[in-house]
1. Between a residue in the range 139-150 that is outside any loop (DSSP other than H, G, I, E, B) and any residue that is of a type in the set (Lys, Arg) and surrounded by 15 or more Cβ atoms within 10 Å (Cβ to Cβ), which pairs come within a Cβ distance under 8 Å, given they are 6 or more apart or on different chains?
2. Would you point out the residue of the range 134-167, among those that are among the small types (Gly, Ala, Ser) and closer than 21 Å to Ser123 by Cα, that is modelled with the lowest pLDDT?
3. Condition check: under 28 Å from Ser165 (Cβ atoms), hydrophobic (A, V, I, L, M, F, W, C) and either at pLDDT 90 or above or outside any strand (DSSP E or B) (or both). Does Ala30 satisfy that?
4. Can you say whether Arg75 is within 17 Å of the chain's Cα centre (by Cα), among the basic types (Lys, Arg) and surrounded by 14 or more Cβ atoms within 10 Å (Cβ to Cβ), as far as the supplied structure shows?
5. Could you grab me the full set of residues in the range 100-115 that are β-branched (Val, Ile, Thr) and surrounded by 16 or more Cβ atoms within 10 Å (Cβ to Cβ)?
6. State whether one or more residues within the range 94-109 are in contact with a strand residue (DSSP E or B) (Cβ under 6 Å, 6 or more places away or on another chain), touching a residue at least 12 places away in the same chain (Cβ under 8 Å) and outside any strand (DSSP E or B).
7. State whether one or more residues within the range 7-29 are closer than 21 Å to Arg100 by Cβ and either touching a Ser or Thr at 6+ places or on another chain (Cβ under 8 Å) or hydrophobic (A, V, I, L, M, F, W, C) (or both).
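The values are calculated or read from the model by the stated rules, or taken from the named source; none is laboratory data. Nothing here was measured: the structure is a model prediction, and the numbers come from that model. Glycine also receives a Cβ, built like all others from the backbone with ideal geometry; neighbour counts cover every protein chain displayed.
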Amino acid sequence: MSDARGRLVGSFSEDLFAIDAAGAIRLGHAKFVGDAALTPAGAAAPVSFLSGALELTAASTTVVTFDGSLVLPGRPQGALKAAVTATSATADALQGSLTRDGPTVTFSGDRGPSFTSIAFSASNDAKATVASNAARADVTVGGRRIGYVDVAAQTVVYVDGTTQSLR
C-alpha cells in the first residue's frame, strides 16, 4: 500500500481465534512483517524508516511487540526492540532497547489514567526519567548530574550551557 505520503509493504497474518463468553470471535494473534516509509517534504520517493516485525498477542494480557530496525535522517540505523503490555484496562507498561553505533539505550515506562513516565538508561551509564507532569528531568552519568531534559523544548541542556535537540 502506498500513496504520495508514504508506503507500507509486507505480509500480514492472523491466527489463534477464539470465541468469548458472549459468542463473539476474538483475534488471539496478528503479525505484520515489512517496511514502513514516509515521503519527506520535497522528496520524490518514500524513505524507509522502520523495518521488521510488529506482533500482537491478545491472551489473558495483551502484548504488542516490535523487533526490527529504525532509520532516522542524519542518524545511523539502529536495532529497535520494544514491547507494550496492557497491565489493566487503563494502564500500559513499555520496555525496549535501541542499539546503534555507540551505547545501547534501554527504555521502560508506565502509563496510567493520570500519570505517565519513561526511563532511559544507556550502556555508558547515562540515565534520565521523564514524567508527564514534570517540566524537566535530570540526566546523570555514574550518578553525577550532567544536565537536564527540557520536556517542552525537547532539548537536553548540559551543565556547561550547551544544548542538544531530541527532535
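1. Hits for this filter: Val139/Lys127; Thr140/Lys127; Val141/Lys127; Tyr148/Arg136; Val149/Arg136; Asp150/Arg136.
2. Only one residue fits best here, namely Ser165.
3. Numbers: under 28 Å from Ser165 (Cβ atoms): no; hydrophobic (A, V, I, L, M, F, W, C): yes; either at pLDDT 90 or above or outside any strand (DSSP E or B) (or both): yes.
Judged against the criteria, Ala30 is not a match.
4. On the way: within 17 Å of the chain's Cα centre (by Cα): yes; among the basic types (Lys, Arg): yes; surrounded by 14 or more Cβ atoms within 10 Å (Cβ to Cβ): no.
No: the conditions fail for Arg75.
5. At the first step, the residues of the range 100-115 found to be β-branched (Val, Ile, Thr) are 104-106.
Scanning the range 100-115 gives Val105, Thr106.
6. yes
7. Step one: list which residues in the range 7-29 are closer than 21 Å to Arg100 by Cβ, which gives none.
Checked the range 7-29: no residue is closer than 21 Å to Arg100 by Cβ and either touching a Ser or Thr at 6+ places or on another chain (Cβ under 8 Å) or hydrophobic (A, V, I, L, M, F, W, C) (or both).
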